[in-house]
């Protein structure tokens, strides 16, 4: 933050009519330069840190300061396809623009799950979006206003990897006939490209363009860079204005380059140890989900932070491998027949209820691709309810292993059995926390329907152990177990009846 105080900022102009607060700077400029700041912790350790950017005008005066708004868990697990929040501040540290990109594939071969960036100014008020268009060869994007009308289009080159040349993305009029601006990744020379990653991204647009669309153009620069040259994962060293460096910036670049070379011969280890408090801060950040990037509708018990998930899994492992066996060591097995019958009946009704809710949601949806709906509509609310119920059910399924411990069925507690329960739980938790609803509801529907059939069989087996030997459709139940999630690990491990009879 001290660096911000030493930076020459652009003088704030007079407030313009019908201009969102903070965007008045854009009324007087037709060019911006986006420069990513260097994070030494990331360079030396590989831990993905929050990306920070300086946004300057053509005179080198800083206009805005941008900072990524994601948690450590998301950055290091999802990489460049992570859901991205970006806060853009003015000279007075007021957030004037907010960018949000949902989690989506960075390279999609089919017209689904394409990239989309939402631009709000002030935060909470949508001013426009940048949406990726599906094309075979040339990257294309549409810039839309708050009403969803196409205002501008962006067309990139066939090859977006620049070598000895700039990479230009032309900004075109809505009909695609007239060039009105450009987003450029500038070639900065062999030495800088190979050793310093000193990338410059320039944005040009008409002076008389609506300031709201200029803000959306800034969001388009981030989205284009993510999809094409991956600005999110490439830290830069130094800063350039119109391809030139100041003396102080050259000194900083040389110092950063020296640190990189030291890292290759062991200096990086020392730097990493010096940065250990920062690493601990990042660990604390992911465990507390602060700041949050998850879906705010999932701010609920057992999904709020990873601490809850990790605590449940840790106690689960401790009980089935240590506490439970020690408790049962000098005791006889418990007679749980009535409990198992009640448990199976409960599982049947819970799975059936979730499958009915999932089917209600999916009856009007596209089978091939359903994006995660972040709105508060009744359908989106139902999807969140289904996803959360399914997650709680996966927590509840851990009780099955407890029954094995109390029945002294250690042979059934195989690695695949434990791996299956923990893996499904973690997958359901990540899906529910970051992108609830959408295509994942099909998984919940399929899984719960099959489990309804399976628990009917388990109920009969619990009531009459001999029935499981005579039932003619037992082999089909086994086939369904194998089919669940591409080969249910419980069936493979001899877990044929998760509730022993």
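Listing for the model above:
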quantity: Residue check, residue 403 over 34 Å from the mean Cα position of the chain (by Cα) and closer than 23 Å to residue 309 by Cβ; calculated: yes
quantity: Qualifying residues in the stretch 328-338 (those that are surrounded by fewer than 15 Cβ atoms within 10 Å (Cβ to Cβ) and touching a helix residue (DSSP H, G or I) at 6+ places or on another chain (Cβ under 8 Å)) - the one nearest to residue 391 (Cα to Cα); calculated: 337
quantity: Among residues of the stretch 289-315, those that are touching a helix residue (DSSP H, G or I) at 6+ places or on another chain (Cβ under 7 Å) and either assigned to a helix (DSSP H, G or I) or over 29 Å from residue 448 (Cβ atoms) (or both), counted; calculated: 7
quantity: Count of residues meeting criterion [without any contact (Cβ under 8 Å) to a residue 60 or more places away in the chain, over 24 Å from residue 366 (Cβ atoms) and surrounded by 21 or more Cβ atoms within 10 Å (Cβ to Cβ)] in the stretch 423-461; calculated: 3
quantity: Residue check for residue 59: at pLDDT 80 or above and either surrounded by fewer than 17 Cβ atoms within 10 Å (Cβ to Cβ) or under 19 Å from residue 218 (Cβ atoms) (or both); calculated: yes
quantity: Residue in the stretch 295-311 that is at pLDDT below 80 and surrounded by 14 or more Cβ atoms within 10 Å (Cβ to Cβ) present; calculated: yes
quantity: Matching residues, the stretch 346-388, being part of a helix (DSSP H, G or I), under 22 Å from the mean Cα position of the chain (by Cα) and buried (at least 19 other Cβ atoms within 10 Å of the Cβ); calculated: 383, 384, 386, 387, 388
quantity: Within the stretch 323-345, tally of residues that are part of a loop (DSSP other than H, G, I, E, B) and in contact (Cβ under 8 Å) with a residue 24 or more places away in the chain; calculated: 3
quantity: Selected residue (only one of 462, 444 is part of a helix (DSSP H, G or I) and either under 29 Å from the mean Cα position of the chain (by Cα) or outside the structural domain of residue 339 (by TED's automatic domain parsing) (or both)); calculated: 444
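The values are calculated or read from the model by the stated rules, or taken from the named source; none is laboratory data. Note that this is a predicted model, so its numbers are computed, not measured. Methodologically, a virtual Cβ is constructed for each residue, glycine included, from the backbone with ideal geometry; neighbour enumeration extends over all protein chains shown.
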